[in-house]
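Participant: First the structure, then my questions, so here it is.
The values are calculated or read from the model by the stated rules, or taken from the named source; none is laboratory data. Values in this document were obtained by computation on a predicted structure and should not be read as measured data. Here Cβ is always computed from backbone atoms with ideal geometry, including for glycine, and neighbour counts include all displayed protein chains. Protein only, heavy atoms only, side chains kept; ligands, DNA and RNA dropped before computing areas. Shrake-Rupley method; radii C 1.70, N 1.55, O 1.52, S 1.80 Å.
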Amino acid sequence: MALVAVVVIGAPVVEELFYRGLLQRSLAARFNEGAVLVVVAAVFALVHFRPIEIPGLFVFGLILGWAALRSGRLGPAITIHVGFNLTGLLLVL
């Protein structure tokens, strides 16, 4: 149960607060939104340290960043991230 709480709830909330809430918003205030979206998605993918997953995580980071950017809120990105992690966890179990 703790694994589910951490992977499905904890990680998406913490990661979205950091990547889309702090990093993306602060950089977008200074630089081009499109460039920031790509850079933050790349950082998100690279930080997971699994080379085979980098392309997929990069695209996923773009989707999360776009959702946060277009809505102006973190809720959609968190919801998408929760669904993604829950799906991955269910496939592994």
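Participant: So what does VAL14 come to for accessible area, using a 1.4 Å probe and Å² rounded to 10?
Facilitator: In the full protein context, VAL14 sits at about 90 Å².
Participant: Further question: In sequence order, what are the phi-derived ³J(HN,Hα) couplings for the range 15-29 according to the Karplus relation 6.51 cos²θ - 1.76 cosθ + 1.60 with θ = phi - 60°, rounded to whole Hz, with x for glycine and proline?
Facilitator: Couplings: 5, 5, 4, 6, 5, 8, x, 8, 5, 5, 5, 5, 6, 5, 6 Hz.
Participant: Within the chain, what is the longest stretch that has no chymotrypsin sites (Phe, Trp or Tyr not before Pro) placed in a DSSP loop and near at most 14 other beta-carbon atoms within 10 Å?
Facilitator: The longest uninterrupted stretch comes out as 50-93.
Participant: Give me the extension gain from PHE84 to VAL14: residue separation times 0.36 nm, minus the current Cα-Cα distance, reported in nm with one decimal.
Facilitator: Gain on extension, PHE84 to VAL14, equals 23.7 nm.
Participant: Just to confirm, what accessible area per residue do you get for the range 27-93 at 1.4 Å probe, in whole Å²?
Facilitator: Dividing the accessible area of the range 27-93 by its residue count gives 63 Å².
Participant: OK, next. Taking the Cα centre of the chain as the origin, how large is its charge dipole in debye, to the nearest 20, when only Lys and Arg (+1) and Asp and Glu (-1) carry charge on their Cβ atoms?
Facilitator: Dipole of the chain, to the nearest 20 debye: 200 debye.
Participant: Then there's this: Roughly how far apart, in whole Å, are the Cα centres of the range 71-86 and the range 4-66?
Facilitator: 11
Participant: Now a separate question. For SER71 and PHE49 in the same chain, what is the full-extension length gain: residue separation times 0.36 nm, less their Cα-Cα distance, in nm?
Facilitator: Gain on extension, SER71 to PHE49, equals 5.0 nm.
Participant: Right, another one. When the chain is modelled as a GNM with alpha-carbon springs shorter than 10 Å, which of GLU33, GLU16, GLU53 fluctuates the most?
Facilitator: GLU53
Participant: Let me ask another. Would you please name the trypsin sites (Lys or Arg not before Pro) within the range 1-82 that are DSSP coil residues with at most 14 other C-beta atoms within 10 Å of their C-beta?
Facilitator: Counting only loop positions with at most 14 other Cβ atoms within 10 Å, the trypsin sites (Lys or Arg not before Pro) in the range 1-82 are ARG30, ARG73.
Participant: Further question on the same structure: Search the structure for amide H atoms under 5 Å from the amide H of LEU74, placed 1.01 Å from N in the peptide plane, and list their residues when 5 or more places away or on another chain.
Facilitator: none
Participant: Moving on. Taking the Cβ of ILE78 as the centre, find all other residues whose Cβ is under 13 Å away and add up their charges (Lys, Arg: +1; Asp, Glu: -1).
Facilitator: 0
Participant: With a 1.4 Å probe and all protein chains left in place, how much of the accessible area of the chain comes from carbon and sulfur atoms, in whole percent?
Facilitator: Whole-percent figure for carbon plus sulfur exposure: 76.
Participant: Express the C-alpha Rg of the chain as a ratio against the empirical globular expectation 2.2 N^0.38 Å, rounded to two decimals.
Facilitator: 1.05
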